[in-house]
Amino acid sequence: MKHPLGVTVAALVPLTLASLMTGAASIDVFAAPSDPWAMLVLMESRLPRTLAVLLTGAALGVAGMLLQALVRNRFVGPDTVGTGESAALGLLAITLLAPAAPIWLKILTAAAAAMAGTALFVAVIRRLPPREVMLVPITGIVLAGVIGSIVTYIAWQTDLIQLITTWLMTGEFSGVIAGRYEVLWIAGAAAGLAWFAADRFAILGLGEEVATGLGLGTKGIMRLGLAVVSLVTAMVVTTVGMIPFIGLVVPNIISRIMGDNLRQSLPMVAAAGAALLMACDLIGRLVRYPFEIPVGTIMGFVGAGIFLILLYRKPAHG
Amino acid sequence: MADTALHLTAMPAGRRKTRMLLALSVLLAAASALWLFQGLGEGNRAFILQLRAVKLGALLVVAAAVAVSTMLFQTVAANRVLTPSIMGFDSLYVLLQTAMVAGLGVAGFAAIPQLTKFLAELVLMCGLAVLLFGTLLGRGTRDIGRTILTGVILGIMFRSAAGLLARLIDPNEYAVVQAASTVSFTRADPVLLPIGAGLTAAAIGVALWLAPRLDVLALGRDTAVSLGLRHGRMVVVTLALVALLVSVATALVGPLSVFGSPAFFGLVIAGLAHALARSHRHDVLLPAAVLIAANILVIGQMVFERLLGQQAALSVVIEFAGGLFFLYLLLKGRIR
Amino acid sequence: MIQLSGISHRIGGAPILNDITAELPRGKLTALIGPNGAGKSTLLRLIGRLEPLQQGSIHIDEMDLTRTPSVDLARRLAVLGQQTQIASRLRLSDLVAFGRWPHHQGRATARDRKITAEALETFGLGDLSHRFLDEVSGGQAQRAYLAMTFAQDTDWLLLDEPLNNLDMSHARGLMSRLSGLVGSAGKSVVVVVHEVNYAAAWADHIVALKDGRIAATGTPDEVLNAGTLSALYDTEIEVARHQGRPLVLHH
C-alpha cells in the first residue's frame, strides 16, 4: 500500500454512510432534508451512533498506541491492563459516596481512578525482568482481574451489579442517542491532543535511557501518556462499555506497516481504529437484523483471531 | 555435601509429609461433618441432610477435579503458573455447550437424556482439548509467555464465539445457555454426581499410577526425552485426564470463571500444595492438592454461606486472592 | 573538563563506586578500563545522568550536573548506554533524526536534516536508512544508535561499550572516527572499552578502575605497563610495542 492513510479514509466513507443508513426504523436518509421524521431519526439516533463509533474506535486505537510506547511492549492494550476496571471502580465509588455529584465530577473521578490503576500497572511491570516480554500482558490481565473482582464484590454488596455490568461486560452502541454519547468527544479530543506530543512518545518508546540522553523529561511525558490513555478508556467504558482488542490489534497492524514514528502513524492508527470498529459494529447490526449483536462480542471474536495471527507471525522481537 | 544433607533429612521429611496429609484429612473430615450436621433442626432432617450431602459431594468432586487438573496441567507445561482455566479450558466447554444448543435447537437439546448429554460432552471436550492444547504444548514450550498469552486469548475468543452463537439463536435460547454457564454448587444433579465422582476418582487413580512418569514429565520436554520418557504420548494422556476432570467439574457446577477473567483457584491450590508438600513427587503433591482444595472450598463455602450469608461471593474472593497470589509469584521471579 | 569529586554509589546495598575523585580532560579521547564489575559503566552512566547521583558531585565544564536542565545537557553532552532493550519499530533514518531533537524540539530545519544524512553516511547506513530497527542486525542497530549520538553534535560524547556487536573493521572504524572527532573537531570523548588494546591504540587518556576505586590514570604509556595491568586484571600480562604504542599481550 502506497498511501495507507488514503486507503483507510476511503474505506471509512462508505462504512460511515452504511452506518447512517442502517437501523430498525426504515427511513430514507437522503430524503432527510424534506422529511421531518427521517431528519429526527438521523439527528437523534443514526448520527450520534455513527459519531460515537468513529470517536471510540479512533480514540482507543490512539490510546493503545501510546500505552504500547509507554510500557515498550506490543502485547498490551487499554482493555487488558486494568484501566477500564479502575475507571469502573472510581465511578462506583463516587456513585456510592456522593450520588448527587455533578456529571463532570463523576467523569473526573473515573478518569483519575483509571489513571491510578494504569500507573499501578506500570509500577508493577517495572519490577519484572526486562527480557520477559510476555509477562507484561499477563500481569495486566491478572491485575485487571483483581481490580474487576473488587468492583464486582462492592457492586454485589450494594445491589449495583446491574450498573457495573454495563461497564465491564461487552461494549455496545445500541443505546447511543443524542445526549448520551457526548463525553466521547472528550476521548476524541484527548487522543487528538496526543498527536502534538507524538515525537516525545516516540522517543520514550526507544527507552528511558535514550530519552534521557536526548534531554527528554521522561516522568512528565509518562504522566501525559497515562492521562490520555486513562481519559480515553474511562470515557469509553462509562458510555458504551469495554470494547476489547481495538487498542491492542490496531496499533500492532499499523506499526507493522508504518513503523513507530508516531507523528506519521497516529493519524493512521485513529483512522484504522475507527474503520475496524465501524465495520464490526455494522456486522453486529446486520447479521441478525433487526436484532443487534454487541460490537464487543464481534470484536472479541475478530480481534482475538487477528491477535493470534500477529502473535505467531512475528517471532522473536516484541 | 548437599547430597548427604538431603539424604539425612529424607526420613523425617517422609514422616512429616504423612503427618501433613493426615492432618489435612482430619481437618476435612471435621469440616464435612460440620457442613452436614451444623444447625440441623428437628423437622425434615432427612431431606435437609440429603440436600447438604449432594452439595458437599459437588464441592468435594470439584475441589479434587480442579486440584488434580491444575497440577497435571502444570506438569505438562513444566510451568508453575498455568492453570487449565487460564488457558481457556472452561471457555471451550461453554462454547461446546452453546454450539450444541445452536446445532440441536433448545427443544432438541432439552430432549437428550441428561446422562447421554453429559457423556457426549465429556468425549467431545477430551478430543478437542487434546487436539488444541496438544499442539500448543506438545513440542515443549520454549516461549512460555507466548503460550500463556495464546491460551488467554483463545479463552476470550471461545467466550466471544459462544456469545456470538448464543445471540444468533434467539434471546430465549440465550437464556438457557446463560444459565448453563454460570457457576453454582446448588445446580449439581444428584443423578450425575455419583458418575462425576466415579470418573474423577478413576482419573485421579490413573494419575497416581502414572505418578513416577509425571515426575519426569515435569522436568520439561528435553530432559524428559533424554531420560527416555515417551514424551508425546505422555502429553496426550495427561491432557486427556485434564480435559476429563475439567469437563466433569464444569458439567457439575458450571465454569469456574467470573466476569470473563480466568479464575485463579487452581493456581492458589497448586502454589499451596508445592509450599506445604515441599516435594516434586506427584504421589505426595496430588493428594496434598486435593485435600487443600477440598478444605478451602468446604470451609470457604460454609463461612460465606452460613456465617456471612453470601452465596456467590466466594468465587469473587477466590479470584481476588488468587490474582494477588499470582502477582506475588510474578514479582518474586517465580514465574518463568 | 569533567570534574568528578567524592562520588560513591550503591546498587541495592552493594557498593559499586567508592569515593571517586578524578578529572576527565577536555579535547581528549578518554578510555575507562578495568575488570568486570569495576564500576566503569556505572561511572559513565552517572556522568550521563542515566543514573541519579547518590553522593558526590559532577561538573561538566561549568555545568553542575544535578542543577542543569536535562535538555540543556542534551545539547552539550550525548550519552549512549548499552542497548539491551527490545528495539522499537522505527526506520533507521527516523532514529538518527531524533538525535537532532534536543536542538529543534520537533521543528527540524534543513541543517538538522543535513546533519542527520551525514551521520547516516558516516556509519555506512545510507542504504539501510529505510529499514526498520527491528529488522537489521545487532551490529547495524548499534551503528544506528551511534549515528544518532553523533547527530546530536555535542561537545562531549559518552559511550558505554560502543564496540559491542561490531565486527573488527567497524570497531576499528569507530575508534578512528572518535579519534578524528577529537583531533579535528575539538570534541571530547569518553568510552568504556572492554578490550584493552583498543584503548592502547586510540586513547589519549586512560582511567583504570578496580573494585569501585581508581587504580591508575594517565596516558597510555603511563598506565599500560605490565605491572599495573597484571595487578588490575589479576592475570600475568606482558606489554609490547607496536607502531609506537603499547600492545597488550596475554595467553
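The values are calculated or read from the model by the stated rules, or taken from the named source; none is laboratory data. Worth saying up front: this structure is predicted, and the values here are computed from it rather than measured. Here the Cβ positions follow ideal geometry from the backbone for every residue, glycine too, while neighbour counts run over all protein chains shown.
Annotations for the structure displayed:
- Filter result (touching a residue at least 40 places away in the same chain (Cβ under 8 Å), surrounded by fewer than 20 Cβ atoms within 10 Å (Cβ to Cβ) and part of a helix (DSSP H, G or I)) within the range C:174-190: C:Arg177, C:Ser179
- Residue check for A:Ile154: under 29 Å from A:Asp281 (Cα atoms) and either surrounded by fewer than 21 Cβ atoms within 10 Å (Cβ to Cβ) or within 14 Å of another protein chain (Cβ to nearest Cβ) (or both): no
- In the range C:147-171, the residues that are farther than 23 Å from C:Arg76 by Cβ and in contact (Cβ under 8 Å) with a residue 12 or more places away in the chain: C:Leu163, C:Asn164, C:Asn165, C:Leu166, C:Asp167, C:His170, C:Ala171
- If the condition is being farther than 18 Å from B:Leu149 by Cβ, surrounded by fewer than 19 Cβ atoms within 10 Å (Cβ to Cβ) and more than 9 Å from chain B (Cβ to nearest Cβ), then the range A:117-148 contributes A:Ala119, A:Leu120, A:Val122, A:Ala123, A:Arg126.
- Applying the criterion of being in a helix (DSSP H, G or I) and of a type in the set (Lys, Arg) to the residues of the range A:249-296, the residue that is nearest to C:Glu135 (Cα to Cα) is A:Arg256.
- In the range A:118-133, the count of residues that are touching a strand residue (DSSP E or B) at 6+ places or on another chain (Cβ under 8 Å) and part of a loop (DSSP other than H, G, I, E, B) is zero.
- Matching residues, the range A:37-53, being more than 22 Å from the chain's Cα centre (by Cα) and either closer than 17 Å to A:Ile243 by Cβ or without any contact (Cβ under 8 Å) to a residue 40 or more places away in the chain (or both): A:Trp37, A:Ala38, A:Met39, A:Leu40, A:Val41, A:Leu42
- Under the condition of being surrounded by 24 or more Cβ atoms within 10 Å (Cβ to Cβ) and not in a helix (DSSP H, G or I), the residues counted in the range B:58-100 number 7.
- Subset of the range A:4-47 (residues that are among the polar types (S, T, N, Q) and assigned to a loop (DSSP other than H, G, I, E, B)): A:Thr22, A:Ser26, A:Ser34
- Restricting the range A:25-38 to residues that are in contact with a helix residue (DSSP H, G or I) (Cβ under 9 Å, 6 or more places away or on another chain) and surrounded by 15 or more Cβ atoms within 10 Å (Cβ to Cβ), the residue that is modelled with the highest pLDDT: A:Ala38
- Search result, residues across the range A:210-229 that are facing chain C (nearest Cβ under 10 Å) and either crowded, with 19+ Cβ neighbours inside 10 Å or touching an Asp or Glu at 6+ places or on another chain (Cβ under 8 Å) (or both): A:Val210, A:Ala211, A:Thr212, A:Gly213, A:Leu214, A:Gly215, A:Leu216, A:Thr218
- Helices (runs of 4 or more DSSP H) enclosed by the range C:71-165 - at least 2 residues per element that are farther than 27 Å from A:Ile257 by Cβ, touching a strand residue (DSSP E or B) at 6+ places or on another chain (Cβ under 9 Å) and hydrophobic (A, V, I, L, M, F, W, C): C:138-151
- Candidate set: the range C:76-104, residues that are over 23 Å from C:Ser137 (Cβ atoms), modelled with pLDDT of 90 or more and more than 7 Å from chain A (Cβ to nearest Cβ); chosen: the one nearest to the chain's Cα centre (by Cα): C:Leu77
- Qualifying residues in the range C:53-65 (those that are modelled with pLDDT of 90 or more and assigned to a loop (DSSP other than H, G, I, E, B)) - the one nearest to C:Leu24 (Cα to Cα): C:Asp61
- Residue-level check: of (1) polar (S, T, N, Q); (2) free of Cβ contacts under 8 Å to residues at least 24 places away in the same chain; (3) part of a helix (DSSP H, G or I), A:Thr56 misses just (2).
- All of C:Leu65, C:Leu77 fail the test of being surrounded by 15 or more Cβ atoms within 10 Å (Cβ to Cβ) and touching a residue at least 24 places away in the same chain (Cβ under 8 Å), apart from C:Leu77.
- Unique match (being at pLDDT below 85, over 21 Å from the mean Cα position of the chain (by Cα) and in a helix (DSSP H, G or I)) among B:Thr186, B:Thr141, B:Thr223, B:Thr150: B:Thr223
- The one condition from (1) surrounded by fewer than 17 Cβ atoms within 10 Å (Cβ to Cβ); (2) modelled with pLDDT under 90 that C:Glu222 does not meet is (2).
- The residues of the range C:46-75 that are at the interface with chain A (Cβ under 8 Å from one of its Cβ atoms) and under 20 Å from C:Ser5 (Cα atoms), listed by number, are C:Gly48, C:Arg49, C:Leu50, C:Leu73.
- Test result for A:Leu163, assigned to a helix (DSSP H, G or I), surrounded by fewer than 24 Cβ atoms within 10 Å (Cβ to Cβ), of a type outside the set (D, E, K, R) and more than 14 Å from chain C (Cβ to nearest Cβ): yes
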